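Presented below is the structure to which this report refers.
Each reported figure results from applying straightforward, stated rules to the coordinates on display, with no laboratory input. The shown structure was predicted, so the numbers you read here are calculated from the model rather than taken from an experiment. No Cβ is skipped: glycine too gets one built from the backbone with ideal geometry, and neighbour counts run over all protein chains shown.
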Amino acid sequence: MTPDTNASAQARRDASVERYILALDAADFETISAVLAEAMTDPTLAQLLQEVDAALHAEADLPTPREQAKTVRRLLRQHLPSAFAEPETGPPTVGDVAARLQAEHAAGRQPLLAGDLSANTELLGNRFELTGRPSQRMTRQVAEATGVQASDHYWERFRRAAVALLMARDAGAIQLAAARRRTPKRTPNRASSPPPPPSPVEES
Amino acid sequence: MTTTGQTERDQRIAEAIRRAYDDADISPPGILDPSRIVPLQKLLAGQGLTHSEHPSLRRREAATYLSRELPYEVEIDGNPEDELSGYLFANSFGGWVLVDRRDPIARRRYTVAHELGHFLLHAQPRLAAGDIVFSEAQPKVDEAASVDNEAFGPGGEVQLVSRDAALEHGAVAWETEANQFAAALLMPADLCQPLAEQYGPRCGHRRAVLAKRLVLRHADYAG
C-alpha cells in the first residue's frame, strides 16, 4: 500500500470513528450497525472502535462489557447451577469454527492469509457437525467433505479452534462442579444464622 | 532385574506410544531416517490436543489463557505466581498443553511428551470413565541442578474433577510413568541403543556425559 492510500484509509477510518461516536450519542443504531459492519473487514478500524468503547466506559466509570458478562455468568452459575448441568447446545459445526476464525481475523488477533480467508468464508454457515476428536484426521475429513482448498497452516488453525469449541461442550458440567466446590456445606447452626452482607462486586 | 509390575508398565507405555502414532496416521522415525526427530506436533494433533508456548508460564498465566480460549473461568489451585514448565488441561473432547517458552527446546519437547504421556496413560481412561477435567501442573525445574544431580526435580501435580465435583489428586506413580513415556517416546531404545554402543566406549558410561553426546549427535541430524 502506498503512503497516499495509507493516508486515505486512515482518513476513512477517522471519519467512521467520528460517525460511530456521534451515532452512540444519538442512539442511532443503524449507523452504529453500519460502522460495526465496516469493522468486520477492517481489523484496524475494529481496534479503534474497541478503544472508543473502552474510553467511553472508563469515562462513565462503567465495567467493560466483558466484565459485565463475566459477572452475569458467574451469578447465573452460582444461583442457578442446575440450569447448566447439561451441554447447552449440540456439537459445534464447521460453520461455527469458521465463524470463530473469522472473528479472530476481524479483531486482528490472528489474521488469515487472503487465500485462507476466502476458504474460511466458504465454510461460514456450513452445518456439518463436528462430533469426533478434533484431530488432523477430522480436518482432513472436513476438507474432503467440503472440497475447500486451504493451506496446512489454515487447517491447523481450524483444528485448534475446533478444540476450543468442542471442549466448551462440557462447560455446563465444569461450571457446576466449580460452583459446588466453592459452595461451603451448610451446618444446622450456620443455616439459622443471618446471611452475610452481599458483596459489592455482585451488586454492581 | 525387572518385576512383573515394571514389565506390565513397560507394556502399557509401549502400547500408548503405538496408539499415539496410529491415531496420528504416521510411523515412528526409523534408524535410517535422515531426521530422527519425533513429530510431537502431529502426535498431539492425533489426540485432539493443541499446544501453546508462553513467554512466562505461571499458574496465573495458564488460567488466564485457558479462560480466554474457553467460555468459562478456569481455576488452577495453588500459588498463582508459581512458575511452571508445562500445564495440561483436558476434558473428554480435547485439551491443551501449555509450555514455558523460556525453557530450552529439549526441555520443552520433554515437557510436551510428558504431558502427552499423562493424557494417554491417565487422562483418557479417567475421562472415559466419567471424570470431567484432568489437569496437571509441571513445576519449573532448575535445569542445571537437575543435570548435576541426575534428577527430574519436583514431580507434577495431577488433579481430576469428577461430575459430583469431587477433587482427586493423581497417584504418585503417574509421574514416573509419564516420565518413562516421555523418555521412551523421545529416545526410543531401538534408536538410542546403537548410538550408546557406538559412543559409550569413547565417552564413558556416565549417564549425563553420554546423554549430552547423544543430544549433540541428534542435533547434527536436526541441523
Note to self: Can you give me the long-range amide H partners of B:Thr50? Hydrogens built in the peptide plane at 1.01 Å from N, cutoff under 5 Å, separation of 5 or more residues or another chain.
What the structure shows: B:Gly95, B:Trp96, B:Val97
Note to self: Can you work out the Karplus-derived ³J(HN,Hα) for every residue in region B:92-103? Use 6.51 cos²θ - 1.76 cosθ + 1.60 with θ = phi - 60°, whole Hz, and x for glycine or proline.
What the structure shows: 6, 9, x, x, 10, 10, 9, 9, 7, 5, 6, 5
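Taking other Cβ within 10 Å of each residue's Cβ, how do B:Ile13, A:Ile32 sort, fewest first?
Details: B:Ile13 21, A:Ile32 18.
Placing the least packed residue first, the sequence is A:Ile32, B:Ile13.
Could you please rank A:Arg109, B:Arg60, placing first whichever residue has the fewest other Cβ atoms within 10 Å of its Cβ? Mind dumping the intermediate values first?
Working: A:Arg109 11, B:Arg60 14.
Least to most surrounded, the residues fall as A:Arg109, B:Arg60.
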Next item on the list: Could you pull out every residue, at least 5 positions away or on a different chain, whose amide H is within less than 5 Å of the one on B:Arg58? Hs are placed 1.01 Å off N in the peptide plane, and Pro or chain starts have none.
Entry: B:Leu84
Note to self: Neighbour counts of other C-beta atoms within 10 Å: give me A:Trp155, B:Trp96 arranged from fewest to most.
What the structure shows: A:Trp155, B:Trp96
Check: From the phi of every residue in region A:17-28, what ³J(HN,Hα) in whole Hz does the Karplus formula 6.51 cos²θ - 1.76 cosθ + 1.60 yield, where θ is phi - 60° and glycine or proline is x?
Finding: 4, 5, 4, 5, 5, 4, 5, 4, 4, 8, 6, 8
Next item on the list: Would you kindly derive the ³J(HN,Hα) couplings of region B:58-72 from the backbone phi angles with the Karplus curve 6.51 cos²θ - 1.76 cosθ + 1.60 (θ = phi - 60°), listing them in order in whole Hz, with x for Gly and Pro?
Entry: 10, 4, 4, 5, 4, 5, 5, 4, 5, 5, 6, 7, 10, x, 8
